[in-house]
Each structure stands twice: as C-alpha cells, then as structure tokens.
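Below is one structure, written out as structure tokens; the observations come after it.
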Amino acid sequence: MLTVFLQFLFSGLTVGSVYALVGIGFNIIYNATSIINLAQGEFVVIGGLLMWFFTESLKLPFLLSAVLTILSAGLIGLLMERLTIKPLKNADLLLMIMITIAVSIVLRGILMFNFGKDPYVYPPFTEGEPLSIYGAIIQQQTLWVIGITGLCIILLFLFFNKTIVGKAMLACAVNPTAAKLVGINVSRMVMLSFILSAVVGAIGGMAITPISLMEYDKGPMLAVKGFCAAIMGGLGSNRGAVIGGFIIGILESMTAGYIHSGLKDAVALVILLLILFFKPAGIFVSKTMLQLRKF
Amino acid sequence: MKKVRKNFLVVCVVVLSIFLMFVNAYAKEPYKIGALFAVTGAASFLGEPEKNTAIMLQEQINKDGGINGHPLEIIIEDTKSDETQAVLSAKKLLEKDNVLVIIGPSTTGESMALVPIMNNAKTPLISCAAGAPITQPVKERYWIFKTPQYDLSAVEAIYTYMKNKGIDKVGIITISTGFGDAGKKALHEMAPKYGITIVSDERYGPKDSDMTTQLTKIKASGAQAVINWSVGPGQVIVTKNWQALKMGIPLYQSHGWGSKKNIELAGKAAEGVIAPLGRLVVWDKIPDKHPQKALLKKYTQDYEARYKSEPGTFGGHAYDSIMMVAEALKKAGPDKKMIRDYLETKIQKWPGTGGIFNMSPGDHCGLDKDAFEMVVVNNGDWEILK
C-alpha cells in the first residue's frame, strides 16, 4: 500500500518539477514586463532539442553542450525581445501577449523544419539503476530535475532580492516610468528578462528530455501546464510556481492512481478553478498585490 | 536548287512525322488519380511517408511507360490532418480535377467524413487509415476500400500469441487519441472470444511525460501482461517506465510500434517488448520464398535510397493503395465502376506491403490476423517469434 502510494507520489513529483520550471519561466518575464510570454513552452523544447543536437549529433562533451545550449537559448530570447517586443514598446499589453503567441508558432515551425516531427532523447545525466525507496522507484534523472528546479529558485531569489540588477528588473514591472526616472534602463531590463526566462526554460528542457522525450510540438502542452502552476501559486511568485507545479503534478498522479487515469487532467484543472474562486490571486499572492497588477 | 528544295521537303516531312509519333505517344490522356494525405498537422507522421511514396511510385510507373501508355498523374492534396479540409480537398479533386479514384486520407476521422461524398460521386476511395468503420458495414461502403490492417486483427494476433503462452489476465494502457480509442475498443471486444480478462484499463494523454502511475496500478491488479496501444513518444515512455519499475510481466505494444526509431529511443528498455507487426518492418527476416518478400525489399530499398529514412508501415499503406489502383487501371481501364469492381473481385491473393490481400464483396480490406508477425526486440533488432 505504502509502496503504491509512494510510487504515485514520485510520479507526481517527476511531472510536477517539469511544470514548476516552466512556471518559473513565466514569472521572470511577468515580473519584469507584466507580459505573459506564451512562447515559454518553446524555450523548453529548444533546450531539449539543442542539447540533443550538441551531444548526440555533434558529439560534444556534456558540459560544453550544456553551456552552448544555454547560450543559444539566451540568444534566441534576446532576438525575440529585440525583434518583436521592443519595436512596439508602448503597445497594449494584450497585443504583446498575442505577439508571443505568434512567436511560439514561428519557433515551432522552425523547429519542425530543422528537427522533423520525431521525438528525441539522450541518456540521463547520470547512468545507473533507478533508486528504490520502500519498493517505489524513482529515476535518477527525476532527482536531477528536482535539484535543478531547486537551484534555479535559490539563484533567482538571490538575483531578484539581493542584486541591484534584479531589483531594477522588479522596479520596471511595477512602474516603468518611475524606474526610468531613477535611471534604470528599462529597455535593457526587459531584454534581460527575456534572456533569463529563455535560459531557465532551456535548462528545464535539458533536464526533462531524458525522462519525457522531446519533440517540436511539446511546447503548448508544457506552456499550459506551467501556466496553471504559475497561476495556482500566484503569478509572479516563484515559490508559488514551484509549489503550484508540484501540487498539479501530484494531483494528476493521485487522480490517475486512485480514481482513473482518464480523469487526471480534468481533476487537476477543477482544483485549479476552485483555488482561483476562493483565492483569485493564487496561493502565495495577497489581494493587495493583485490590485497592483496590470494584467 | 530544285533538288535541294525537294530534299528539304523530305526532311521536313520526316521530322514532322517523327514529331507526330512522339506527340502521339505522349498525347494519350494521363490517368488522373487524387491523393489526400495529412502532410501537415497532428497526423503528419502518417501523411509524410505516404506523400513520399506516392511521388516515388508515380515516377517509377511513368518511367516504365505509364499504364497502357497513359502516364499516371497523382494529384496530392494536404488535408492538414483536418476533416473539414479533407472534405474540401476531396470536392476539389472530384469536381475540378475529375479524378478516377481517390487514395487516402490518412486518418480514420477524415476517411469517415468522406464516405457520403464518395458514395454520392460514385468514385472509389482507398483509405490509408485503419479504423474498421471505414469499410463496415460493407453494404453502405460500396465505393470505399482500405489497405491498412484492422485494429481487431492486431488484437487477435496478440491474443492468439498470449493464449499459447498461457496468459489470460491482462492490463491495458491506451493513449487518449483516435488510435488509442480504437485499440481500447478492439481489445475489449475480442477479449471474451479468446478467454482473456482485462483486469486493468488505464489511459494517458498524447503529450504526457510519465506513465509510472498507470503501470503501478496495472502491476497491482495482478495482470500477467501489459498491452500498450499508442503511436508517438508515449509508447517509448511507457517502455522506459515499464523497465524502470521492473514489472516482471511482459510488455506488448500495438502495431504502431513498428519503427526502428522506437528501439533507438527506448534503448535497452526496448529489449523483450513484443508487438504484432506487418512484414514491411521485418522484410529482411522473412524467408525468400514468401510472396511479399520481393516487393517489400524493392519498396524499402528504393524508399531508403531516395528519402534517407525508413518508409514505415504508413508509407506501405499508400504503396498498396496506389499499386492496386494501377493494376485496376491497367486491367479494367479508366472507368470508375470497372475499377471498383476490379478492386472488389480481382484483388485476390494479392501480395502488398500490409499483407496478402483477399478483397471480396463482404470485406473491403481483405487482411486478417495473418498479416501480422509477432516480433520481439532482441539486441536492438527485430526478431520474429514462431
């Protein structure tokens, strides 16, 4: 009984950590620009596919591939901001969000042309048997994903709360005009947020590909689930996105395990709706914060 | 001077008559057939090899002098994996291009949408999708044929094999798409006939990344084997989870498993996975005297040489459809009704990539469970089980 429960829990953690990483990506751009970047799922796909390209196709060593993947993803984030968001800096927020949808479609098309429609996979970061805890199995790669998620949260927390650049980025979201008045280069901060969010997405993609495989059109599903995670925890709160991601992942797994696997997506979404009815700002964001939001 | 002119005239006449002969050889009307494939969209993994196959066959047939001297013209339309687009494209092919036959579409949903249209237009359709309702009930499918094997036949092949191994309790896990729904239905439908009990029935979404939970439930239900029914990355993830859990019971896959890519992606986890596969994927393992051997070899090698990828079962469905039509055109001529009658009555012991076809007025597919071989993955390669 315990074994089965633990197995459901581990399965939920595996899936949840993926959602959490995507959720954090949403938050970074949201915190700096109030934009919801719907191309976030594509960043994850780019991470996975580029990592495959560097390690399996070009046969580069693991660390070099990882660095190259992160750099390329950052570059794509930068290009996306400079080419699509910057030219209409003062446009309506809703319009910018629509542009991110367009970018996601374009990116998906480019990925399809370059990688085809097949799924890709490469070996896990560490080879070896899955760990067994009270008879329940947890894959080593899952631990990597959870560890990387944790590391990302800590680094982002330090970045946004302890460094001048991070605080400047937060300031841009709250009030761009005021930020400009105190001498912050708003445009550069927005660019930085896109780079950062692309990098976080790509790191997530690199970590999950050995578990879940990666193909060019996985982005939208990841974006929807990651967005749910971010909303559940409260948009803008990284701690919230992580906990939201794990809650959704575990809920899905428990529903599949104890009720029926056909219902798992439905139950998770119903619970998300319930949370939003009673706490519209999400679990970790207060009502006052909600009023400060533009979107 | 006069002589020169006379010579000149002779040369002119000769040149002209050669020219006319040439024109005559090519003046024969091309036979136009339409093809609807899901080249883009969700089912593009089906439509892509089908389109490639159609282009390759058209070239080969015309290089060999066409059909009774008539060049074959295959007009390919992309349905974008969408029923509405399939209907629109079919109407275009019928009304604007006046095609004799339509090949495809790639998915069951699109094929079903075309049934009434083809019946009204009195034009044969040879679908490249597997669903049983495409050709059943056969009375209402006068003009409709299909080349892929029935899902039921794949299920029968698995159940027959399981019976021999003494397995009678199975857990099934299916993907929540049309393919998985059809498989789930077939698995339930055939189970009583073979005395098999389905003790656990699980599902997952096409983009899910972990199926450990479902497999854990199957393991706890006391099943003696797992049957997974899906196409796409899901079947690889199930295989990996199955191995990680060390379930201790065999894993069976559907006929969607038949691609070397899956073995590559699943790596060591694929060892021991059993599936009913058409002979196309194991063409090099079947005996030389098998009636399908020669054509499978030629098709696979031609396709691989040209497109640098394996044709897979799906390209084979297009191959069978087009070759059947080419034969019907050759023997029965360019008449819709004659082609239909030829397909229904003369495609007998007809070796194709999908199996040996025996069409009849009661069966517009003509394949049964003998179209499949039970194949196990051994050392990263297929091995036919006896």
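Coordinate-derived values only; no laboratory data. Because the structure is a prediction, the values reported are computed rather than measured. Glycine also receives a Cβ, built like all others from the backbone with ideal geometry; neighbour counts cover every protein chain displayed.
Some points to look at:
- Selected from B:His290, B:His188, B:His255 as most flexible by GNM, with chain B as the system and alpha-carbon contacts under 10 Å: B:His290
- Ordering A:Asp92, B:Asp181 from the fewest to the most neighbouring beta carbons within 10 Å gives A:Asp92, B:Asp181.
- Electrostatic bookkeeping for A:Thr142 treats Lys and Arg as +1 and Asp and Glu as -1; over the other residues with beta carbon under 14 Å from its beta carbon, the sum is -1.
- Dipole axis of the protein assembly as shown (+1 Lys, Arg; -1 Asp, Glu on Cβ), positive-most option in A:Val145, B:Asn228, A:Ile24: A:Ile24
- Given +1 at the Cβ of Lys and Arg, -1 at the Cβ of Asp and Glu and no other charges, the dipole of segment A:122-244 around its Cα centre is 660 debye to the nearest 20.
- Residue order, fewest to most beta carbons within 10 Å, for B:Ile134, A:Ile101: A:Ile101, B:Ile134
- Sparse-neighbourhood loop sites, chymotrypsin sites (Phe, Trp or Tyr not before Pro) in segment A:110-209 - DSSP loop, at most 10 other Cβ within 10 angstrom: A:Tyr134
- Segment A:68-179: C-alpha gyration tensor shape, a/c 1.5 cut-off, then a/b vs b/c: oblate
- Simple Cβ-charge dipole of chain A, Lys/Arg +1 and Asp/Glu -1, about Cα centre, in debye nearest 20: 1120 debye
- Once you reduce segment A:146-160 and segment B:123-161 to the center of their Cα atoms, the two points are 54 Å from each other.
- The aspartates and glutamates within cross-link reach of B:Lys308, meaning a Cα-to-Cα straight distance under 14 Å and a gap of 8 or more places when in the same chain, are B:Glu48.
- Cβ crowding within 10 Å, taken as a proxy for footprinting-reagent exposure, orders A:Thr177, B:Thr213, B:Thr197 from fewest neighbours to most as A:Thr177, B:Thr197, B:Thr213.
- Lysine pair number, Cα distance threshold 15 Å (strictly under), segment B:223-305, separation 8 or more or different chains: 10
- Helical runs assigned H by DSSP (4 residues or longer) give chain A a calculated mean residue ellipticity at 222 nm of -23500 deg cm²/dmol, each run adding -39500 (n - 2.57) before division by the residue total.
- Rounded to the nearest 20, the Cβ-based charge dipole of the protein assembly as shown about its Cα centre (Lys and Arg +1, Asp and Glu -1) stands at 1300 debye.
- DSSP beta bridges confined to the protein assembly as shown are antiparallel in about 35 percent of cases.
- Convex hull volume of the Cα atoms of segment B:163-284, normalised per residue: 106 Å³.
- Between the listed residues B:Gly183, B:Ser200, B:Thr135, the Cα displaced farthest toward the positive end of the dipole of segment B:135-223, a dipole computed from Cβ unit charges relative to the Cα centre, is found at B:Thr135.
- Acute angle (nearest 10 degrees) that the helix B:293-307 long axis makes with the longest principal axis of chain B, alpha-carbon atoms: 80 degrees
- Note: the protein assembly as shown, Cα convex hull, 217 Å³ per residue.
- In summary, the aspartates and glutamates within cross-link reach of B:Lys349, defined as a Cα separation below 15 angstrom excluding same-chain residues under 8 places away, comprise B:Asp320, B:Glu327, B:Asp363, B:Asp368, B:Asp370.
- Whole-angstrom Cα spans of segment A:161-295 along principal axes, big to small: 56, 37, 25
- Value at 222 nm in deg cm²/dmol, rounded to 500, when DSSP H runs of n ≥ 4 in chain B each add -39,500 (n - 2.57): -15000 deg cm²/dmol
- Highest mobility in the GNM of chain A, judged by mean-square fluctuation with C-alpha springs under 10 Å and restricted to A:Arg239, A:Arg82, A:Arg188, is found for A:Arg188.
- Charge context of B:Ile75, other residues only, Cβ under 10 angstrom, K/R +1, D/E -1: 0
- Loop-located trypsin sites (Lys or Arg not before Pro) in segment B:287-370 (DSSP state not H, G, I, E or B) with no more than 14 neighbouring Cβ atoms inside 10 Å: B:Lys289, B:Lys308, B:Lys349.
- Residue pairs exceeding 20 angstrom between C-alpha atoms, taken from B:Lys184/B:Lys369; B:Lys165/B:Lys193; A:Lys225/B:Lys207; A:Lys218/B:Lys184; B:Lys92/B:Lys336: A:Lys218/B:Lys184.
- Charge-dipole axis of segment A:210-295 as Lys and Arg at +1 and Asp and Glu at -1 on Cβ define it, positive-most pick from A:Gln291, A:Val242, A:Val224: A:Gln291
- Qualifying aspartates and glutamates (Cα of each under 12 Å from Cα of B:Lys163; at least 8 residues distant if same chain): none
- A Gaussian network model of chain A, with springs between Cα atoms under 10 Å, assigns the largest mean-square fluctuation among A:Leu79, A:Leu63, A:Leu49 to A:Leu63.
- Segment B:291-386: C-alpha gyration tensor shape, a/c 1.5 cut-off, then a/b vs b/c: oblate
- Spin-label pair B:Glu189/A:Asn114, simplified geometry with 7 Å Cα→Cβ offset, distance in nm: 4.5 nm
- Loop trypsin sites (Lys or Arg not before Pro), segment B:199-265 (other Cβ atoms within 10 Å of the site Cβ: 13 or fewer; DSSP): B:Lys246
- Prolate/oblate/rounded label for chain A (Cα gyration tensor, a/c 1.5): oblate
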